[in-house]
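Enquirer: First the structure, which I've put down as C-alpha cells, then a few questions once you've had a look.
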Amino acid sequence: MNEPAKVFVQATPGDSLAEASRSTDQTWTAAGIEVNWNAPEIVVSAIREISRVALRWEQRLSPDVLVLGDAWERSYGDLQWRHLQPERLLPWYWLAHDRRTGATTGMGVDVHPGAFCSWTADPAGITLWLDLRNGGGPTRLGGRSLVAAEVRSFEDAGTPWLTLQAAVETMSSRLPARPEPVPVVGANNWYYAYGEGFDEEAVLQDAATVVELADGHPVKPFSVVDDGWNPGGNGSGGPWESGIAGIFDDMAGTAAAIKQLGARPGLWFRPLLSRESGLWGRQGQNDGFGRALDPSYPEVLDLVRADLQRFRDWGYELVKHDFSTYDVFGRFGPAMGARLTDDGWQLHDTTRTTAEIVLAFYRELRAAAGDVVLIGCNTVGHLAAGLVDIQRTGDDTSGRDWERTRKMGVNSLAFRLPQHNRFFTLDADCVPCTPQTPWEQNRQFLDLIARSGSALFVSVDPAARTERTDRELSDGIRLALSGGDAARGGIEPLDWLVNTTPNLWRAGGDEVRYDWSQPWGADPTSG
C-alpha cells in the first residue's frame, strides 16, 4: 500500500489544518503532534491537544466512477452509488466502480479504530479524515501513542458486489471467527403498539402467535418486549429495576411465561438515559425523557453492568440496547455529518477519544451480557462489530407508512448485507403486518428478508391477521428459521448500481423481481 503524499493536523477544533512536515521516512510532525505511518497502522501521538488528522493520497479517479460509502450508525435510506462529489462524507470505507473498465477498487479501515474515520474522494485524490476529538473538543493524549486506524486497500474481486464482500471481510480481519450463526427470527410489537397501550397479556399473545407461525420448527423464535414496559414511558430512561406497576408487575414472570409458550424472551432498554437527577450525566444533553449518561464515567458502566445482570436474572435471553449514539452525540446519523456533534462540550474523561470511549462501552455491554443475545440499535457499526450479535443496520421501518419500510428497510438490506455474518447478524428491521400498511408490499419485504438469512422480526397486529397473512407469515418465518437461501448462495441485488431500493435480486439460482411501489409510485411526502 502506498504511503500518503501529505499529512495535515488540527490541534483544536477552531484551528486551521496545518500541513505536517516529514521528519523521517514514515513520520510527519506539526505543532507537537506526530503521525506515524507504519502500514497498515496510523499511529498518532501528541503532547498537546489534538482534534483531527487528515492523510492525503494523490490518486486520480476517472470522472466516470460511481462511489459508495457507509454510514456512521444506522443508514437512513441514503446508501447509494453516486458520481464523484468532493465534499461527500464516506464513513469507514469507500469503493469506486469504473463504468468504463468494470473494475471496482477502494480503501477502508479495520473495525475497532481509535478514531471516527471517514473519507472524501475527488478527481485528484483521496483523503482519510481521522476525528480524534473527545465529544466536541480536543483530546488530551498526554504524549501516549494511539493506533488511530489500520488502513486497508481493496482490489477488484470481479463485480462491485463481490468486491464489497471482500472489503468487509478484510476490514473484519481482527475479529475472531464467528461461530456457526443460529437464525434469528421472532416477534416484536413495536410497529403496531409503538410503546403504548400494551400489557403482559398482549406480549404473551405475540409470543403465542410467533410460535404458532413457526409451526414446530426446531429453531425456537424470539419474542421481544420492546419499549413501553418500564415506568418512565415511551422512549424514557432508567432506572431499569421494574416494569410498570399494575401492567408489568413481574418481569421475571413475563419471561418465564414466554418460555412456557415455546419462545425465547427478549427485552428492550436504553442504557445511557436516566430519569434520576444527580447521576453522571453527559454535559448538556437532555431530550425530555431524562438525562443522558456519560459512558466515560466508571460509575455509568457499573450501572449498565447491573442492568444486564438483572435482565439475565429475570430470564431474558435477548437484550436490545438502543439510543446510545444519540445519547452520546445528541444527534442521529444524518445530523452527525463530518462534525459528529456540537462544538464545545466534552466527555468526563478527556484523555480518550470519543471512539475509544464508545468502543469501551460496547465491550462492557458485551462482557456483562454473557450468553445473552445482544441487539445493537442506534449503534456505530464499525465499533460494534463483534461486540453485538445483531445490528440494526437501518432506521425504523413502519407499521403506519409503507414508504418508510421501502426507503429504510430495503436500502439497508441491499447495501449492508455484505456485513451480515462478518461484522454481526444483520437486522434490516421488522416486517409489519398491520391494517395501516399494504400487505402486498410487506409480504414481498418478508420474502426478501427470509431469503437473505438475516434477522427477521415481525410485528403482527392481531387485527391484521387473516388466513392469507398467517399462511405467508408462516412460510417466511419457517424459511428464515431454516437459514433462508444461504445454502444456495444467498441473495444479491442486481440493480443496486442504479437503484437505492433494488427491485431485481438473485436468490439462490433464481432471479426474483419485487415491486416496492404503490399505484402512484413512491410518495415523496411520506417515509
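The values are calculated or read from the model by the stated rules, or taken from the named source; none is laboratory data. This one's a predicted model, so the numbers in the text were calculated from it and none came from an experiment. Neighbour counts are summed over all protein chains in view; Cβ atoms, including those assigned to glycine, are modelled from backbone coordinates with ideal geometry. The protein model used for the area step is the full one, side chains on, heavy atoms only, and it has no ligands, DNA or RNA in it. Shrake-Rupley method; radii C 1.70, N 1.55, O 1.52, S 1.80 Å.
Enquirer: Just for the Cα atoms in the chain, what are the lengths along the principal axes, largest first, rounded to whole Å?
Expert: Projected onto the principal axes, the Cα atoms of the chain cover 71, 59, 43 Å.
Enquirer: Order His420, His348, His321, most accessible first, counting only protein heavy atoms with a 1.4 angstrom probe. Write out the running numbers ahead of the final one.
Expert: Numbers: His420 25, His348 105, His321 0 Å².
Most to least solvent-accessible, the answer reads His348, His420, His321.
Enquirer: Once both axes come from the Cα atoms, what is the angle between helix 251-261 and the longest principal axis of the chain, in degrees from 0 to 90, rounded to 10?
Expert: It is inclined by approximately 60 degrees.
Enquirer: Can you tell me the alpha carbon radius of gyration of the stretch 432-527 divided by the globular rule-of-thumb value 2.2 N^0.38 Å?
Expert: Working: Rg = 14.1 Å, N = 96, 2.2 N^0.38 = 12.5 Å.
After normalising by residue count via 2.2 N^0.38 Å, the value is 1.13.
Enquirer: Let me ask something else. Give the residue list of trypsin sites (Lys or Arg not before Pro) in the stretch 16-91 that are DSSP loop and have at most 11 other beta-carbon atoms within 10 angstrom.
Expert: Working: sites: Arg22, Arg48, Arg52, Arg56, Arg60, Arg74, Arg82, Arg88; in loops: Arg48, Arg60, Arg74, Arg88.
Hits after loop and neighbour filter: Arg60.
Enquirer: What do you get for the angle between helix 467-481 and the principal long axis of the chain? Use alpha-carbon atoms, 0 to 90 degrees, nearest ten.
Expert: 50 degrees
Enquirer: I would also like to ask the following. Mind checking the stretch 288-376 for trypsin sites (Lys or Arg not before Pro) that DSSP puts in a loop (not H, G, I, E or B) and that have at most 15 other Cβ atoms within 10 Å?
Expert: Details: sites: Arg291, Arg305, Arg310, Arg312, Lys320, Arg331, Arg339, Arg352, Arg363, Arg366; in loops: Arg331, Arg339, Arg352.
Counting only loop positions with at most 15 other Cβ atoms within 10 Å, the trypsin sites (Lys or Arg not before Pro) in the stretch 288-376 are Arg339.
Enquirer: Per DSSP helix of 4 or more residues, -39500 (n - 2.57); summed, then divided by the residues of the chain. What does that give at 222 nm, rounded to the nearest 500?
Expert: For the chain, the value works out to -7000 deg cm²/dmol.
Enquirer: Quick one: dipole size for the chain, taken about the Cα centre, charges +1 on Lys/Arg Cβ and -1 on Asp/Glu Cβ, in debye to the nearest 20. It would help to have the intermediate numbers written out before the result.
Expert: Details: 49 positive and 71 negative charges, 210 e Å.
Roughly 1000 debye, rounded to the nearest 20.
Enquirer: How large a share of the accessible area of the chain, in percent, is made up of carbon and sulfur atoms when the probe is 1.4 Å and the other protein chains stay in place?
Expert: Of the solvent-accessible surface of the chain, carbon and sulfur hold 47 percent.
Enquirer: Continuing with this model, one more query. Can you give the FRET efficiency for Leu494 and Arg400, using 1/(1 + (r/R0)^6), R0 = 35 Å, r = Cβ-Cβ distance, to the nearest 0.05? Could you put the intermediate results ahead of the total?
Expert: Details: r = 30 Å, r/R0 = 0.87.
According to the calculation, E is roughly 0.70.
Enquirer: Give the lysines whose C-alpha is closer than 16 Å to that of Lys220, dropping any in the same chain fewer than 8 places away, or say none.
Expert: Qualifying lysines at Cα under 16 Å: Lys259.
Enquirer: Can you tell me the FRET efficiency between Arg48 and Asp343 if r is taken as the Cβ-Cβ distance and R0 is 22 Å, rounded to the nearest 0.05? Spell out each step's value before the answer.
Expert: On the way: r = 19 Å, r/R0 = 0.84.
Efficiency, rounded to the nearest 0.05: 0.75.
Enquirer: Grab the Cα-Cα distance for Ser242 and Thr466, subtract it from 0.36 nm times how many residues apart they are, and report the gain in nm with one decimal. Each step should come with its number before you reach the end.
Expert: Numbers: separation 224, 0.36 × 224 = 80.64 nm, distance 3.55 nm.
Value of the extension gain: 77.1 nm.
Enquirer: Turning to a different aspect of this structure: Which of the listed residues, Ala124, Leu162, Phe289, is farthest toward the dipole's positive end in the chain, when Lys, Arg count +1 and Asp, Glu count -1 at the beta-carbon?
Expert: The residue sitting most towards the positive pole is Ala124.
Enquirer: Something else now. Loop-only GluC sites (Glu not before Pro) in the stretch 1-95, please: DSSP not H, G, I, E or B, and at most 13 other Cβ atoms within 10 Å.
Expert: On the way: sites: Glu19, Glu34, Glu41, Glu49, Glu58, Glu73, Glu87; in loops: Glu58, Glu73, Glu87.
Passing both the DSSP loop test and the Cβ count: Glu58, Glu87.
Enquirer: In the full protein assembly as shown, how much of Trp280 is accessible to a 1.4 Å probe, in Å² to the nearest 10?
Expert: Here the residue's solvent-accessible area equals roughly 80 Å².
Enquirer: Something else about it: Quick check: Cα centre of the stretch 1-64 to Cα centre of the stretch 121-192, how many Å?
Expert: Between the Cα centres of the stretch 1-64 and the stretch 121-192 lies a distance of 20 Å.
Enquirer: Rolling a 1.4 Å sphere over the protein heavy atoms, what is the accessible area per residue of the chain, to the nearest Å²? Don't skip to the end; give the middle numbers.
Expert: Numbers: 19330 Å² over 527 residues.
With all protein chains present, the chain gives 37 Å² per residue.
Enquirer: While we're looking at this one, here's another question. Between the stretch 399-448 and the stretch 214-254, how far is it from one alpha carbon centroid to the other, in angstrom?
Expert: Computed from Cα coordinates, the inter-centre distance equals 23 Å.
Enquirer: Angle, helix 160-171 long axis vs. longest principal axis of the chain, Cα atoms, 0 to 90°, nearest 10?
Expert: 80 degrees
Enquirer: Right, here's the next one. Cβ under 14 Å from Ser474's Cβ, Ser474 left aside: what net charge do those residues give with Lys, Arg +1 and Asp, Glu -1? Walk me through the numbers before you get to the answer.
Expert: On the way: positive: Arg443, Arg465, Arg468, Arg471, Arg478; negative: Glu212, Asp215, Asp447, Glu467, Asp470, Glu472, Asp475.
Within the 14 Å Cβ shell, the charges total -2.
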